[in-house]
Amino acid sequence: MVTASDELMAALRVVRSLGLRSWCIGAGAIRSLVWDTLHEFDQRSTVEEDMDVVYFDAGAGPGQDADLENRLHSAMPSFRWEVTNQAQVHRWFAAALGQVVPPLASLEEGVATWPEFATCVGVYLNEDESLGVVAPHGLDDLFELRVRHNPLRASVATYRERVMAKRFGERWPRLSISTD
């Protein structure tokens, strides 16, 4: 599915050109691609809405996410890029939510904390053009069209708000969506 998407392959190549050691494009870009394909939609309109790039760099400065985001936007302005260093997520939780959470130790650990198990998936592109997959909870929920709350960092209330705000059931009617 990924290699069949010219847009996603182009995005992967652009992110790879940044030279990050541990990175992936994940969450909505991957989830939407898979669900659109499994729903047999003729035209995908969701790939450009949510291009989440995550990486892990414990030595990165506070402005690196914004710098990388600007570089990606300059290279591919049609995408809505969001770049997040998973090594700094604990600081965001403290500043934005007033929550103290332990720092993450790796990219995989960060991806494992996303609010729905089906969304805890990322893809990266190796130098030889082969794809790598980050899926700490596996791929079953994603490919079985199942939406379930991941309790590692998101509350049930946050999960429910996301399901409603992202209109999962409306956009992909074959989904099985858990309410807790």
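The values are calculated or read from the model by the stated rules, or taken from the named source; none is laboratory data. Computed from a predicted structure; not experimentally measured. Here Cβ is always computed from backbone atoms with ideal geometry, including for glycine, and neighbour counts include all displayed protein chains. Protein only, heavy atoms only, side chains kept; ligands, DNA and RNA dropped before computing areas. Shrake-Rupley method; radii C 1.70, N 1.55, O 1.52, S 1.80 Å.
Quick look at the numbers
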item	result
Simple spin-label estimate for PHE143 and VAL156 in nanometres, 7 Å along Cα-Cβ	3.1 nm
Within region 3-79, chymotrypsin sites (Phe, Trp or Tyr not before Pro) in DSSP loop having at most 14 other beta-carbon neighbours inside 10 Å	PHE41
Mean ellipticity per residue at 222 nm, deg cm²/dmol - from DSSP H runs of n ≥ 4 across the chain, formula -39500 (n - 2.57)	-9000 deg cm²/dmol
Accessible area per residue, Å², the chain with all protein chains present, probe 1.4 Å	51 Å²
Solvent-accessible area, 1.4 Å probe, carbon plus sulfur percent, for region 65-147	53 percent
Potential extension, ALA60-THR3 segment - 0.36 nm per residue separation minus Cα distance	17.5 nm
Exposed GluC sites (Glu not before Pro) absent: longest stretch of the chain, with sites in DSSP loops and at most 14 other Cβ within 10 Å deemed exposed	50-126
For region 114-158, projected area of the alpha-carbon convex hull averaged over all directions, nm²	3.6 nm²
Taking all pairs of distinct alpha-carbon atoms in the chain, Kirkwood radius in angstrom	16.8 Å
Loop trypsin sites (Lys or Arg not before Pro), region 66-150 (other Cβ atoms within 10 Å of the site Cβ: 14 or fewer; DSSP)	ARG80
Paramagnetic label zone (point 7 Å from Cα along Cα-to-C-beta, MET164; backbone N under 17 Å) in region 66-100	none
Fully extended contour minus Cα-Cα distance, from ARG80 to ALA94, at 0.36 nm per residue	2.5 nm
Largest-first principal axis extents, alpha carbons of region 1-94, Å	43, 27, 20
Qualifying trypsin sites (Lys or Arg not before Pro) for region 1-44 [loop in DSSP, other Cβ within 10 Å: at most 12]	ARG21
Gap separating the Cα centres of region 19-44 and region 62-100, nearest whole Å	19 Å
Extreme residue, positive dipole direction of the chain, given options GLY26, MET1, PHE93 (C-beta unit charges)	PHE93
Region 31-146 - share of DSSP beta bridges that are antiparallel (%, nearest 5)	45 percent
